[in-house]
1. From the list Asn28, Asn10, exactly one residue is surrounded by 13 or more Cβ atoms within 10 Å (Cβ to Cβ) and not hydrophobic (A, V, I, L, M, F, W, C). Which is it?
2. Look at Asp23 and say whether it is modelled with pLDDT of 90 or more, of a type outside the set (Val, Ile, Thr) and under 14 Å from the mean Cα position of the chain (by Cα).
3. Being in contact (Cβ under 8 Å) with a residue 12 or more places away in the chain and part of a loop (DSSP other than H, G, I, E, B) is the filter here, so list the residues in the stretch 1-31 that pass it.
4. Could you run through the stretch 1-25 and say how many residues are within 15 Å of Cys42 (Cβ to Cβ), touching a helix residue (DSSP H, G or I) at 6+ places or on another chain (Cβ under 9 Å) and charged (D, E, K, R)?
5. Quick one: would you say Lys60 is on the phi < 0 side of the Ramachandran plot and not β-branched (Val, Ile, Thr)?
6. For residues that are in a loop (DSSP other than H, G, I, E, B) and of a type in the set (A, V, I, L, M, F, W, C), scanning just the stretch 32-68, find the one that is nearest to Ile2 (Cα to Cα).
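The values are calculated or read from the model by the stated rules, or taken from the named source; none is laboratory data. Computed from a prediction, not measured in an experiment: that's the story for all the values here. Cβ placement follows ideal geometry from the backbone for every residue including glycine, while neighbour counts extend to all protein chains displayed.
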Amino acid sequence: MILSKNDFENIIKNSTKYSHKEDFVFKNKDGFFQLKNINEHCVFFDIPSKQCEIYDYRPKGCKFYPLIFDSN
């Protein structure tokens, strides 16, 4: 998922575990910050509890899920 600048800054500001961008994002081929996936799961998804580790300040894309933007 692509992160907005606000999403990115919000995660850095509120998280103690993910205080460095390298912990959770990479720059995709278009130059946008994109969330990392681990074993086909979002980096913030805690598998044992099946919960989002940053739920209170999750990105807008997560809040709107499963709604997706289609330019067509």
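1. The conditions single out Asn10.
2. Here the answer is no, as Asp23 does not meet what is asked.
3. Met1, Leu3, Ser4, Ser15, Lys17, Tyr18, Phe24, Asn28
4. 2
5. yes
6. Step by step, filter the stretch 32-68, then rank; the result is Phe32.
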